[in-house]
Amino acid sequence: MIALIVAFVIPSKTLAAENNVVDTDLQVKQLSEQEIQQLALELNALYVSENLGTGSENPVIETKGIKSKAALKVAEMLIKSGNKTVNILEDLGLLDAAAAKSFKKVTGKVGKFVESLASAGDDAAAMAKSQLPNKLKSWGIKDKGTQQMIANAVSYAIKAADWIFL
């Protein structure tokens with residue numbers, strides 16, 4: 001069996017108060033294949049318990065593949081059950097309390113952003129990780145470590161959704 005290793009960011013804050021932006025030193029931790037599977041199972045349980053994917057008011061976005069559908073599922077969870085989705089990510093150690101609190105304020109916006117990445121297919125997770133920090137900054141989340149932690153958590157949620165929603 002091939003081991004899937006996913007890294008996420010753990011902040012170690014150092015305050016550099018320049019323009020109300022806080023820089024954070026980042027340490028990378030790796031997730032095991034079992035931890036990614038656990039995330040996938042938790043997201044699936046939320047998706048099922050919230051009856052997501054049924055009777056959607058939003059028009060269906062045509063995608064080019066299964067991986068795009070995984071991104072759409074994550075987007076839907078963030079838009080419709082954002083706080084619960086963030087709680088799962090926090091409980092599994094992908095977010096600290098401060099990042100979770102900030103994330104909960106913008107889950108709908110992040111969900112819409114992830115939805116816009118669905119057509120990227122295999123690249124959706126990587127694009128979320130690279131592009132989301134700037135979006136978060138524009139939405140008022142100034143701490144770079146928090147931006148990166150949220151972006152990583154979203155990226156991992158998309159990767160985990162690939163496992164369960166395929």
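Among the residues making up segment 78-102, none is at pLDDT 95 or above and among the acidic types (Asp, Glu).
Conditions (1) of a type in the set (Lys, Arg); (2) surrounded by fewer than 19 Cβ atoms within 10 Å (Cβ to Cβ); (3) touching a strand residue (DSSP E or B) at 6+ places or on another chain (Cβ under 8 Å); (4) farther than 14 Å from Tyr47 by Cα, marked per residue:
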position: Asp96; (1), (2), (3), (4): no, yes, yes, yes
position: Asn134; (1), (2), (3), (4): no, yes, no, yes
position: Lys142; (1), (2), (3), (4): yes, yes, yes, yes
position: Ala161; (1), (2), (3), (4): no, no, no, no
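Taking the criterion of being over 18 Å from Gln148 (Cβ atoms) and either at pLDDT 90 or above or surrounded by fewer than 16 Cβ atoms within 10 Å (Cβ to Cβ) (or both), the residues of segment 103-118 that qualify are Gly108, Gly111, Lys112, Glu115, Ser116. Residue count for segment 118-166 under the criterion of being within 20 Å of Leu39 (Cα to Cα) and charged (D, E, K, R): the result is 5.
The values are calculated or read from the model by the stated rules, or taken from the named source; none is laboratory data. Just so you know, these numbers come straight off a predicted model, no measurement behind them. As a convention, Cβ positions derive from the backbone with ideal geometry for all residues, glycine included, and neighbour counts pool all protein chains shown.
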